Structure formats: C-alpha cells, structure tokens
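Asker: Starting off with a structure, shown below.
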C-alpha cells in the first residue's frame, strides 16, 4: 500500500498546482471549487498504477491522468444538474452554490480543460489516447441518456441496466487503465486486457456504489443518502426487488416508485424495508463480487511480472471492500 500512497500524493500535488484562471471569475471558480472537494481520485490512480505496472514513467502519465480526473468531474457537474442533486462530497453542488446556467457553462469549460491536459501526452501514444478518450466520452453520454430514459420506463431488464453502467461508469475506468498502459508503450494485447479489467471492475464498483447510496450514511457517502430511491432510479437493487417480490411487496413498491407525491423519508423507509425482507443488499454484493472475480482473471493474463500486479490487485480489493 506504500506505493499506492505515493501515487495518491503525486496526484494530489498535481491537482493542487492546477489552478483554473480566467475572466469572468464566476466561470472559473466552480472548476476550482469542484476539483477542491477531493474524492477518491480513482481514475488517475488507475492510470498511474497501470503505467508503473507496465514499466512506464509515471511522470509522463500525470498529464493525461489529470485530464481524466478533470473530465470525470465535468461529468459529475452535469450529472448533478440532471439529478437535481443538492450535495456532492458533502458540500453544495455547483448548480446549488452558483446557479444552473453557470454550472452548465463551467462543465463545458471543464471538458475543454480535460482535452488540454490529455493533449500533453507525449509521443505516438497521444493519438491513441485521444482516440480512446473520444470513444469513451461518447459512450459515457450514451450511458447517461440510457440512465435518464430508464427512470420513465415501467420495466428495465437487469441486463440493460448492467450495460448502462458499463457505459456510464466502467468505460472510464477501462480507459484510465489503458491510458496508463499506452503511456508505458505496453503491448496492445496487455493494454486491452487492462481495459477489460477496468470494465469488469467498474461494473462491480458501480454495483457497490448502488449499495452505498441506499445503505450508507451522508457523512461517509458525501451525498444525499437514498437519492436513487427518491429519484426512482432503476438500480440493480430496485430491479432485483421487483423481480423477487411477492404480490404484496410488489404492490408496496408500486405505491412508492414513480409517485411524485410520496414523502421522501417515508418512501426511503418503505423501500428499504422491502430490500431488507428480500436480502437485496447481499444479492447485490454477490453480483458485484462476480465482476471483481472476472477482473482478477484478466489481470492474471497480463504479461508482466506477478509482483508488479500487486498494486492493482490491492486497489481492486479496496474498491470491492469500500462498504464496511
């Protein structure tokens, strides 16, 4: 874990030195505010881990790693607007602290700044990194649109939900790992294995995040707890609850889900009670574990010394166990 702490320190130092400046200040301040709220810095961590694992120079990986983190925060800024979320990492979201038009423009600017950082990638890897990033950014938009459309659909298949979170969340983790491998000029086969590792890890990560949303607490989660229930999001937990519910439980779910007049705290209590009756948290944990195991098998196939895989394995375990 010592090396993981070193990666974190490098990333934090790079972000602290990155100050977005320009006029009007009201456009640039939201960027610094959101980046300053902290977070796991998961995506740049994966980039540095992959680069180092494949015998690359992590200093060369820092610019694209920063770009991926800026891009991730751009998606958060716009997601919060679409979800009308009041909190992000325990603080007011940008659209709440400023206003929605400013948050939209500031998010657009963040995307530009992400490209600026990615363009600092060196050598022949730059083109491959930008091509991968363009593909990833497109897929994330597709995933977000699916996510929003699911909210108004009466039925969503679990398979469709899993594909949605692959697009919305997992592809950026896969991209982050592959960017690190590209900076290290790793063989394409290994870079692709790391990408797929990121896909499976990302799906497992999002399933764990779905659990955390419902069963975490505001202080630890840093955002509104049970926001997915309140906003009727078709998460794995809700879809499985509908699938497994008996007639009475299904009627109770239908009473709350999609009811604009439902009192939020009562709705959360009622839906969580059904989740508990059905053992939904354990089912979701088991599903997430399936994906983490698939990811580990892919890591075994990467053609590099076994000892160099330890940091990525340790980090995957950290993500898997992020709910105590």
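Asker: Efficiency by 1/(1 + (r/R0)^6): what FRET value for residue 250 and residue 59, r their Cβ-Cβ distance, R0 = 56 Å, to the nearest 0.05?
Answerer: 0.50
Asker: Under 8 Å for C-alpha pairs, at least 6 residues apart: give me the relative contact order for region 30-125, rounded to a whole percent. Numbers along the way, then the final one.
Answerer: Details: 99 pairs, mean separation 34.7, N = 96.
So the answer I get is 36 percent.
Asker: Tell me the relative contact order for the chain as a rounded percent, counting alpha carbon contacts under 8 Å between residues six or more apart.
Answerer: Details: 436 pairs, mean separation 63.5, N = 324.
Reported as a whole number, the value is 20 percent.
Asker: Next question. How far is helix 25-35 tilted, in degrees, relative to the longest principal axis of the Cα atoms in the chain, given as a value from 0 to 90 rounded to the nearest 10?
Answerer: Approximately 80 degrees, to the nearest ten.
Asker: Evaluate the Kirkwood expression for the hydrodynamic radius of region 57-129, namely the inverse of the mean inverse distance over all pairs of different C-alpha atoms, and round to one decimal in Å. Don't skip to the end; give the middle numbers.
Answerer: Values: mean 1/r = 0.0760 Å⁻¹.
The Cα-based Kirkwood calculation yields 13.2 Å.
Asker: Additional query: Counting other beta carbons within 10 Å of each Cβ, put 117, 265 in order, fewest first. Mind dumping the intermediate values first?
Answerer: Working: 117 20, 265 10.
Result, fewest neighbours first: 265, 117.
Asker: Could you tell me the calculated FRET efficiency between residue 99 and residue 16, based on Cβ-Cβ distance and R0 = 25 angstrom, to the nearest 0.05? Don't skip to the end; give the middle numbers.
Answerer: Working: r = 27 Å, r/R0 = 1.09.
E(calc), rounded to 0.05, equals 0.40.
Asker: Also: Whole number please: convex hull volume per residue, Cα atoms of region 172-324, in Å³.
Answerer: On the way: hull volume 18.5 nm³, N = 153.
Convex hull of Cα atoms, per residue: 121 Å³.
Asker: OK, next. Between residue 151 and residue 112, what is the label-point separation in nm under the 7 Å Cα-to-beta-carbon projection?
Answerer: So the label points at residue 112 and residue 151 sit 2.8 nm apart.
Asker: Helix 100-118: angle to the longest alpha-carbon principal axis of the chain, degrees 0 to 90, nearest 10?
Answerer: Taking Cα atoms only, the helix is inclined about 30 degrees.
Asker: For a test of the definition: using alpha carbon positions, the gyration tensor, and the 1.5 limit on a/c, classify region 1-116 as rounded, prolate or oblate. Show your work: numbers first, answer last.
Answerer: On the way: a/c = 2.35, a/b = 1.89, b/c = 1.25.
Because a/c hits 1.5 or more and a/b exceeds b/c, region 1-116 counts as prolate.
Asker: Nearest 10 degrees is fine. How inclined is helix 280-301 to the longest principal axis of the chain, computing both from alpha carbons?
Answerer: Taking the Cα atoms of the chain, the angle to 280-301 is about 20 degrees.
Asker: Just subtract the alpha-carbon distance of residue 131 and residue 301 from 0.36 nm times their residue separation and send over the number in nm, one decimal.
Answerer: Values: separation 170, 0.36 × 170 = 61.20 nm, distance 2.50 nm.
Gain on stretching residue 131 to residue 301: 58.7 nm.
Asker: Helix-only estimate, please: 222 nm mean residue ellipticity of the chain, summing -39500 (n - 2.57) across DSSP H runs of length 4 or more and dividing by its residues, to the nearest 500.
Answerer: Details: 17 runs with 239 residues, N = 324.
-24000 deg cm²/dmol, from helical runs alone.
Asker: Run the quick spin-label model on residue 243 and residue 231: label points 7 Å from Cα toward the beta carbon, then report their separation in nm to one decimal.
Answerer: A separation of 2.3 nm, rounded to one decimal place.
Asker: What shape does the chain have by the C-alpha gyration tensor, where a ≥ b ≥ c are the square roots of the eigenvalues, rounded means a/c under 1.5, and otherwise prolate means a/b greater than b/c and oblate the rest?
Answerer: Because a/c hits 1.5 or more and a/b fails to exceed b/c, the chain counts as oblate.
Asker: Which FRET efficiency, nearest 0.05, do residue 159 and residue 27 yield, Cβ-Cβ r, R0 41 Å?
Answerer: In this case the efficiency is close to 0.50.
Asker: Reported to two decimal places, what Rg/Rh ratio describes region 205-295 when computed on Cα atoms with Rh from the Kirkwood expression? Walk me through the intermediate numbers first.
Answerer: Details: Rg = 13.1 Å, Rh = 13.5 Å.
Rg/Rh for region 205-295 comes to 0.97.
Asker: Let me ask something else. Between residue 141 and residue 318, 0.36 nm times their residue separation minus their Cα-Cα distance comes to what?
Answerer: Working: separation 177, 0.36 × 177 = 63.72 nm, distance 2.75 nm.
Extra length available between residue 141 and residue 318 comes to 61.0 nm.
Throughout, read-outs are computed from the coordinates displayed, never taken from laboratory work. A quick note: this is a predicted structure, and the numbers were derived from the prediction, not measured. All Cβ positions, glycine included, derive from the backbone under ideal geometry; neighbour counts span all protein chains shown.
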